[in-house]
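The values are calculated or read from the model by the stated rules, or taken from the named source; none is laboratory data. Because the structure is a prediction, the values reported are computed rather than measured. Positions of Cβ are generated from backbone atoms using ideal geometry, with glycine treated the same way; all protein chains shown enter the neighbour counts.
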């Protein structure tokens, strides 16, 4: 397989998941670190850059279709921004191995919740 094919397919598939808002970037991070041999911190940086255009396109579509709740946005964005700032500092200042197991547990928990959640 050529060097570009697997990353291209991963980008395509996770782009679709990102548009649906189900964590395509998280899957991309796992693909890069587990199967493509990309260093964890480098994969995080790539994932952040990947997020910008995919989230932007998805946001435009959600806005067009009226799926954005302004009250929720006003509450979530300021705290989310502060949390992202703190997490970015931690991700670049603390040994990355500290985060691997808790992140894995979180992914398993989130995946199990998605699979077991009943429709409303």
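Residue by residue, here is whether (1) touching a helix residue (DSSP H, G or I) at 6+ places or on another chain (Cβ under 7 Å); (2) not in a helix (DSSP H, G or I) holds:
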position: 8; (1), (2): no, no
position: 13; (1), (2): no, no
position: 37; (1), (2): no, yes
position: 54; (1), (2): yes, no
position: 67; (1), (2): no, yes
position: 76; (1), (2): no, no
position: 79; (1), (2): no, no
position: 83; (1), (2): no, no
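Yes/no per residue for (1) over 17 Å from the mean Cα position of the chain (by Cα); (2) at pLDDT below 85; (3) in the same structural domain as residue 26 (by TED's automatic domain parsing):
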position	(1), (2), (3)
84	no, no, no
94	yes, no, no
102	no, no, no
107	no, yes, no
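Residue by residue, here is whether (1) at pLDDT below 90; (2) surrounded by 10 or more Cβ atoms within 10 Å (Cβ to Cβ); (3) over 22 Å from residue 97 (Cα atoms) holds:
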residue	(1), (2), (3)
24	yes, yes, yes
30	yes, yes, no
44	yes, yes, no
47	yes, yes, no
55	yes, yes, yes
66	no, no, yes
76	no, yes, yes
